[in-house]
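Chemist: Can you read through this structure? Questions will come right after.
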Amino acid sequence: MTSGGGIANTIALKLARDRALGPGARRGGVPARAAGRLRVYASDQAHFSIARSLDVLGLGERALVRLPSDRSMKLIPEALAAAIARDRRRGLRPAAVVATAGTTNTGNIDPLVTIGAIARAEDLHYHVDAAYGGALLFSDRFGERLRGLDRADSVTIDPHKWLFQPFSLGGLFVRDGASLRRAFHTEPDYLRKDLEREPERLDFYHYSMEGSHRFRGLKLWFTLKTLGRSGLARLVDRTMDVALHLEKRVRAEERFEIFDAPVELASVCFRYLPEWARRGDARRRARLNALQTAIQQKIERSGAAWFPNIVLRGDVYFRFGVFNYLTTEADADAVLRLILRVARRLRV
Ligand SMILES: Cc1ncc(COP(=O)(O)O)c(C=O)c1O
């Protein structure tokens, strides 16, 4: 268990780095022959913590090859395979592939099966950042969308996102526990080692860069004991139902335009279209963007609802994430009505 998904991603990429550089890297760092040459592949929708992790690990943010996503905001496997081949030809050293299962902006899921096959064929560490979408594993109705997750070497899941836990609680699953221990194991004199040899003991300082570590998993354990897997599935499905309701309403209202990517998790991205925009004046992009920002800020200031504005391919959209199982269809309808009311009164 970690403080969040970002740190879990850093730990995963440490495993990838050590696998690529071999056991000497812990003491010697990145050897001169590999400096500036390691490469990690992800789509341009990957969370910023991937690039930051590469900086922290001494590989540099430039080690991240950001592949353009397709219209559904997903990584394109053919482009991944081509980028790896091109880099090998150039004498670079591919080290890892990061797929995102639930992008931060639109909640889209990369094609996990195909990406996993490429990673395996290329002998690369396969990390799936399922910080957001991992919760879908609990759902019988929607869990199939994560097919291929089981091929990963490491998976980030953030229970403080869509498993309804209070901040902060992230998590990393790794296929090979011994590799995690090899990456972080340390024996400082002030910590007694005799009892640690007992096999069932889990001392977290051997498994991440953290030392003192609070009992983060306790709240999740209580949730599991209270609700069980089926209870969590019910809550995840409930938020999905509200999101799908919202999607339907947005599609049915001509003053809204939904972002053109499938709704795969509980995120719905759309924007308000005033009459002049519906007439299709493309030169008014800046004005349309300013209008979305003004609407969002007015509503945020009012305290009636909160949703962020995000930029997708240069256009500003509202991003609705239904992450609270107490949110109802009626709440969603009320926010849509509020947007229309606020938009009518604004002069942008
Ligand atoms: C896909 C993804 N990965 C990682 C993170 C980082 O999570 P945290 O804020 O818990 O570090 C986020 C946060 O939104 C995310 O959406």
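The values are calculated or read from the model by the stated rules, or taken from the named source; none is laboratory data. All of these numbers come straight from a predicted model, not from anything done at the bench. Neighbour counts are summed over all protein chains in view; Cβ atoms, including those assigned to glycine, are modelled from backbone coordinates with ideal geometry.
Chemist: Within the range 96-103, can one find any residue that is outside any strand (DSSP E or B), in contact with a helix residue (DSSP H, G or I) (Cβ under 8 Å, 6 or more places away or on another chain) and away from the ligand (no atom under 16 Å from the Cβ)? Lay out the reasoning, then the answer.
Modeler: Going through the range 96-103, the residues outside any strand (DSSP E or B) turn out to be 102-103.
Checking the rest, the ones that are also in contact with a helix residue (DSSP H, G or I) (Cβ under 8 Å, 6 or more places away or on another chain) come to 102.
Checking the rest, the ones that are also away from the ligand (no atom under 16 Å from the Cβ) come to none.
So far as the range 96-103 goes, no, none of its residues is outside any strand (DSSP E or B), in contact with a helix residue (DSSP H, G or I) (Cβ under 8 Å, 6 or more places away or on another chain) and away from the ligand (no atom under 16 Å from the Cβ).
Chemist: Here are some conditions: (1) small (Gly, Ala, Ser); (2) in contact with a helix residue (DSSP H, G or I) (Cβ under 8 Å, 6 or more places away or on another chain); (3) free of Cβ contacts under 8 Å to residues at least 40 places away in the same chain. Residue 5 meets all but one. Which one does it not meet?
Modeler: Status for residue 5: all satisfied but (3).
Chemist: Kindly provide the set of residues from the range 128-152 that are within 11 Å of the ligand (Cβ to nearest atom) and either under 16 Å from residue 80 (Cβ atoms) or not hydrophobic (A, V, I, L, M, F, W, C) (or both), ordered by number.
Modeler: The first filter runs over the range 128-152 and keeps only residues within 11 Å of the ligand (Cβ to nearest atom), leaving 128-134.
Listed by number, the residues that qualify are 128, 129, 132, 133, 134.
Chemist: Hey, another quick one. With the structure loaded, tell me whether residue 62 is more than 15 Å from the ligand (Cβ to nearest atom), farther than 21 Å from residue 149 by Cα, without any contact (Cβ under 8 Å) to a residue 40 or more places away in the chain and part of a helix (DSSP H, G or I) or whether it fails that test. Quick ask: steps written out before the conclusion?
Modeler: Working: more than 15 Å from the ligand (Cβ to nearest atom): yes; farther than 21 Å from residue 149 by Cα: yes; without any contact (Cβ under 8 Å) to a residue 40 or more places away in the chain: yes; part of a helix (DSSP H, G or I): yes.
Spelling it out, residue 62 is indeed more than 15 Å from the ligand (Cβ to nearest atom), farther than 21 Å from residue 149 by Cα, without any contact (Cβ under 8 Å) to a residue 40 or more places away in the chain and part of a helix (DSSP H, G or I).
Chemist: Could you check, for the range 81-90, whether at least one of its residues is assigned to a helix (DSSP H, G or I), surrounded by 20 or more Cβ atoms within 10 Å (Cβ to Cβ), modelled with pLDDT of 95 or more and more than 16 Å from the ligand (Cβ to nearest atom)?
Modeler: Filtering the range 81-90 down to residues assigned to a helix (DSSP H, G or I) leaves 81-89.
Going one step further and asking which of them are surrounded by 20 or more Cβ atoms within 10 Å (Cβ to Cβ), we end up with 84.
From what is left, the residues that are modelled with pLDDT of 95 or more are 84.
Narrowing the set further to residues that are more than 16 Å from the ligand (Cβ to nearest atom) leaves 84.
Scanning the range 81-90 turns up at least one residue that is assigned to a helix (DSSP H, G or I), surrounded by 20 or more Cβ atoms within 10 Å (Cβ to Cβ), modelled with pLDDT of 95 or more and more than 16 Å from the ligand (Cβ to nearest atom).
Chemist: While we're on this one: Has the range 139-161 got at least one residue that is small (Gly, Ala, Ser), over 18 Å from the mean Cα position of the chain (by Cα) and in a helix (DSSP H, G or I)?
Modeler: Looking through the range 139-161, none of the residues is small (Gly, Ala, Ser), over 18 Å from the mean Cα position of the chain (by Cα) and in a helix (DSSP H, G or I).
Chemist: List the number of the failed condition for residue 180; all other conditions in (1) closer than 18 Å to residue 7 by Cα; (2) outside any loop (DSSP other than H, G, I, E, B); (3) within 16 Å of the ligand (Cβ to nearest atom); (4) not basic (Lys, Arg) hold.
Modeler: (3)
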